[in-house]
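Following: one structure in structure tokens, then a few remarks.
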Amino acid sequence: MLKVEGISASYGKFNVLFEISIEVGQKSTVITIGPNGAGKSTLLKVISGLLKPTSGNITLHGERIDDKEPYQIIELGISVVPEGGRIFSELSVYENLKIGTYVKRARKILNRRILEIFSLFPILQERQKQMAGSLSGGERQMLAIARALMSQPTIIMLDEPSCGLSPLVVKNVFKLVDRIKAEGYSILLVEQNVSRALELADYAYLLESGRVQFSGKREDFVQNPYVKKSYLGM
């Protein structure tokens, strides 16, 4: 579905990504792990069109998208949950969800999408009139994920969904990700909680210093000596 080939990117004169290549298949969950500053979040920005690559290309369903604007990429079926969720705190839960349907195909079936999301996340139905800023940390992350799903994406990208949350809430967040995986969405997950993320992954990439240092199936990562020592504490 999503193919990133030889992507390099920079912030001004500072190079961040160096010829990155990754793939996300249909109904698969792909994770990208690595230390802070490795370029993981930058990779998501490039895919979503927020940062233009200096070389390489990105295709979605065979159509090139690295030359498109972010709103066009969302229309084509990629949705993003940024780090920290970044919900609209002064709007209600329902209003936050409604914002997720600004793409044409989702706007036409707003009421149906709302019901689908409420069936997936019943707590949001209970909280739909509540101001989003009054939600707990876990509920905010749930709302951010739900808002991204409102646009009817084929691929959802999540940037550090467990960042800054308590261990119990982190456990619940990964249950949410597992739930949307079971719904058949393709997922590209950037995460520093490697052991948790690998439990969900079909395939994984290790980024260090802006380069892919290792890639493979979940079993390959669990058995790799460097990954075990540096990221799994084994």
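For (1) surrounded by fewer than 20 Cβ atoms within 10 Å (Cβ to Cβ); (2) touching a Lys or Arg at 6+ places or on another chain (Cβ under 7 Å); (3) touching a residue at least 24 places away in the same chain (Cβ under 8 Å); (4) among the aliphatic types (A, V, I, L, M), each residue gets a yes or a no:
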site	(1), (2), (3), (4)
GLU191	no, no, yes, no
SER195	yes, no, yes, no
LEU200	yes, yes, yes, yes
GLY210	no, no, yes, no
LYS217	yes, no, no, no
VAL222	yes, no, yes, yes
LYS229	yes, no, no, no
LEU232	yes, no, yes, yes
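Out of the residues in the range 198-222 that are within 18 Å of GLY37 (Cβ to Cβ) and small (Gly, Ala, Ser), state the one that is nearest to the chain's Cα centre (by Cα). Steps first, answer last, please.
Initially, the range 198-222 is screened for residues within 18 Å of GLY37 (Cβ to Cβ), giving 205-214.
Checking which are small (Gly, Ala, Ser) leaves us with 209-210.
Details: SER209: 20, GLY210: 18 Å.
The residue in question is GLY210.
Residue count for the range 86-111, restricted to those that are of a type in the set (D, E, K, R), in a helix (DSSP H, G or I) and closer than 15 Å to GLU75 by Cβ: 3. Filter the range 2-46 down to residues that are buried (at least 22 other Cβ atoms within 10 Å of the Cβ) and in contact with a Gly (Cβ under 6 Å, 6 or more places away or on another chain) and give me whichever is farthest from LYS229 (Cα to Cα). Here the residue is ILE7. The set of residues in the range 108-147 being over 22 Å from the mean Cα position of the chain (by Cα) and of a type in the set (Lys, Arg) consists of LYS108, ARG112, ARG127, LYS129.
Among the residues of the range 163-174, those that are farther than 18 Å from ARG147 by Cβ and either in a loop (DSSP other than H, G, I, E, B) or modelled with pLDDT of 85 or more (or both) comprise GLY164, SER166, PHE174. If I filter the range 65-82 down to residues being buried (at least 16 other Cβ atoms within 10 Å of the Cβ) and acidic (Asp, Glu), which single residue comes out as nearest to TYR185 (Cα to Cα)? Only one residue tops the list, namely GLU75. Picking from residues in the range 111-129 that are touching a Leu at 6+ places or on another chain (Cβ under 9 Å) and more than 20 Å from LYS175 (Cβ to Cβ), the one that is surrounded by the fewest Cβ atoms within 10 Å (Cβ to Cβ) is GLN128. Please determine, by comparing only the residues of the range 84-105 that are in contact with a strand residue (DSSP E or B) (Cβ under 9 Å, 6 or more places away or on another chain) and surrounded by 20 or more Cβ atoms within 10 Å (Cβ to Cβ), which one is modelled with the lowest pLDDT. Among those residues, the one meeting the criterion is GLY100. Considering the conditions (1) surrounded by fewer than 18 Cβ atoms within 10 Å (Cβ to Cβ); (2) closer than 30 Å to ALA38 by Cα; (3) hydrophobic (A, V, I, L, M, F, W, C), LEU143 is excluded by exactly one of them, (1). Residues in the range 150-175 that are in contact with a helix residue (DSSP H, G or I) (Cβ under 6 Å, 6 or more places away or on another chain) and on the phi < 0 side of the Ramachandran plot: 12 in all. Residues in the range 63-84 that are within 17 Å of LEU149 (Cβ to Cβ), in contact (Cβ under 8 Å) with a residue 60 or more places away in the chain and not β-branched (Val, Ile, Thr): GLY77, SER79, PRO82.
The values are calculated or read from the model by the stated rules, or taken from the named source; none is laboratory data. Quantities reported herein were computed from a predicted structural model and do not represent experimental measurements. Ideal geometry is used to build each Cβ from the backbone, glycine not excepted, and the neighbour counts take in all protein chains shown.
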